[in-house]
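Here's the structure we're looking at; comments come further down.
The values are calculated or read from the model by the stated rules, or taken from the named source; none is laboratory data. What you see is a predicted model, and the numbers here were worked out from it, not measured in a lab. For neighbour counting, all protein chains shown are included, and Cβ atoms are generated from backbone atoms with ideal geometry for every residue, glycine included.
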Amino acid sequence: MAASNCPPDDFSCPVCLEILCDPATLPCGHSYCLQCIQKHWDKASAKGQYSCPQCRQVFSPRPSLGRNNMLMEAMKKLRVGEQDKSLSCTVVSVNPSLQPAAQRSDGTTGPDEKTAVQGGLYPQLPSDSPKLCPLHKQVLEFYCCDDKEIVCDECSLIEHKGHRVVNPDEEMEQELSKKKENIQRHIQERKRIIQTLTQIFQANKTAIQGLQTENLEVFGDVMKNVELMSSQVNELLQAYEASCYHRIEGHGYKLQEEISQLYKQDVELNRLTKTQDSIQFLKTLDTTGGVDAFGNPQLDIVPPETVVSGIRSALGAFRQGLHDLCKESLANIFRAAPEMTPASSNSDSNPKTTSLQHPAVSSANSVRFEPTMDRNSAYRHIRLSDGDRKATLRAENQNYPEHNERFVYWRQVICREPLAGGPYYWEVEWTGQKVTIGVTYKDIGRSPADDSSRLGHNKFSWSLYWSGTAFSLWHAGKETVLAAPKARRIGVYLDQQASVLAFYRVSHNQAHQICCVETEFSRALYPGFRFWSGVGSTITVCQLD
């Protein structure tokens, strides 16, 4: 193997015009990249003829080509020489049967200059001169977008006819122009949106400030009316106090006068008893008047406990009614307002093992809720205590007054607060053998002994039931058995706007999801509870710190 300096065009593939990669030499002596010649012949496979792209020599059948290892070594040394900024060629002796000899003018044979330049054994390397098409010897000045190849004018009319062939410089200029136009268009669109957002923000700010002022005015008027009502009630009580005083005082004066007259009669009777004349005694007795004229004294005064208890009951009803009205009105206000969610809010949720991490339970402080049980709905053997946050099943009748919202057959109680919008989260602790915890619309049945008033067994309610061995979800009379261990503390999450109802078992300040219901809720819901058997069983709404 001998080395000599060679021009750089001697080592390029005539097809891709790049330095030979995995060089393969055809029987005619011309060398190509193995992949390039294979692709070239694959395109011509339909004709059944395989020719050299340079000398057009036809081969039949298709030659089986392999990598020319000696030429490959030459390519490696050439690349090393390029890194040293000095090109060197390695002239390799090949089989004379694979390389046709050219007759020189001096009578010797071997590859002449013309053969070397046109791509004999050692193809050309790229040079600064325009690249020529190996098939048509024309400048490669176009680019076929379909085949991803550079082509000449004749190639675009023959081999690449019907393809999208473009001028690279013009295409680059057009693409750059389009990209810049798109970028500018996107920038302007976003600037317009930013301006619109600024206007919307200012409009919202003005509207919210107006609502805040209106809110202060509304509640100021309400407080004035409440204060006025309080003043009027105080005036009424003072007037009643004065009336009672005058009535009692007048009645006392009357009784005192009667006592004085009775004393006088008593003195007269004592005087008459000293006379011995009976006739005279009887005559004098008739003139003194009888004691029966006074009659029995009457206490014509209403007992104070009657008046006080009546007024106190009316005040309590007013307070409870105002409390319910405030909660219902607040729920309506929240229902009318859209849900405020930050645009960058993190929706990551893993409700399986979290401390309250459902799609909205990630911040318990913002959704925690402590409902109170409604005495007017409590079954007659359910006793409420601890501010109506604890229910106990008792053997004795609690003697509640009749009410059209009271459960007559099932041992159930629902809460006062209507839950609309949301989200809400509350927790319940229970004792006993079995328990049902759920939510219901207010129009659930109260008196029937069938499923229309049974929590979870109708279309008005959803409930989680512990049977003593397993949890199950009930709705519309259908049961879904759940694979979850027993838990004495249950968390309930409700978000009507997101159409989500979820139940959790709470242990060691960690909430583990038992089940989740995704359904549309049409109106306000109320927390509800149901006792089974077991006097002394309790259900307690927990305080969330």
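Suppose we keep only residues that are touching a Pro at 6+ places or on another chain (Cβ under 8 Å) and part of a loop (DSSP other than H, G, I, E, B) within the range 498-538. Which one would you say is surrounded by the most Cβ atoms within 10 Å (Cβ to Cβ)? Only one residue fits best here, namely A524.
I need a count of the residues in the range 130-149 that are part of a strand (DSSP E or B) and crowded, with 17+ Cβ neighbours inside 10 Å. First the steps, then the outcome.
Quick first cut of the range 130-149, residues part of a strand (DSSP E or B) only: 132, 139, 142-144, 149.
In the following step, the residues that additionally are crowded, with 17+ Cβ neighbours inside 10 Å were identified as 142-144, 149.
Matching residues across the range 130-149 total 4.
Only a single criterion out of (1) modelled with pLDDT of 65 or more; (2) out of contact with any strand residue (DSSP E or B) (no Cβ under 9 Å at 6 or more places or on another chain); (3) surrounded by fewer than 14 Cβ atoms within 10 Å (Cβ to Cβ) is not satisfied by D292, namely (1).
Return yes or no: is N167 loosely packed, with under 11 Cβ neighbours inside 10 Å and polar (S, T, N, Q)? Let's see the steps before the verdict.
On the way: loosely packed, with under 11 Cβ neighbours inside 10 Å: no; polar (S, T, N, Q): yes.
Spelling it out, it is not the case that N167 is loosely packed, with under 11 Cβ neighbours inside 10 Å and polar (S, T, N, Q).
Being out of contact with any Lys or Arg (no Cβ under 8 Å at 6 or more places or on another chain) and within 30 Å of L322 (Cα to Cα) is a description that does not apply to D169.
Yes/no matrix, rows are residues, columns are (1) outside any loop (DSSP other than H, G, I, E, B); (2) closer than 26 Å to V428 by Cα; (3) at pLDDT 80 or above:
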| site | (1), (2), (3) |
| --- | --- |
| R312 | yes, no, yes |
| H323 | yes, yes, no |
| E328 | yes, yes, no |
| S347 | no, no, no |
| Q357 | no, yes, no |
| V361 | no, yes, no |
| A378 | no, yes, yes |
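Out of S447, S452, S467, which single residue is under 15 Å from F531 (Cα atoms) and surrounded by fewer than 19 Cβ atoms within 10 Å (Cβ to Cβ)? Result of the check over S447, S452, S467: S467. W462 meets all of the listed conditions (1) of a type in the set (A, V, I, L, M, F, W, C); (2) more than 14 Å from V428 (Cα to Cα); (3) surrounded by fewer than 17 Cβ atoms within 10 Å (Cβ to Cβ); (4) touching a residue at least 12 places away in the same chain (Cβ under 8 Å) but one, namely (3).
Looking at L237, L255, can you tell me which residue is more than 30 Å from G316 (Cα to Cα), of a type outside the set (K, R) and touching a residue at least 40 places away in the same chain (Cβ under 8 Å)?
Values: L237 fails: more than 30 Å from G316 (Cα to Cα).
None of the others qualify; the one that does is L255.
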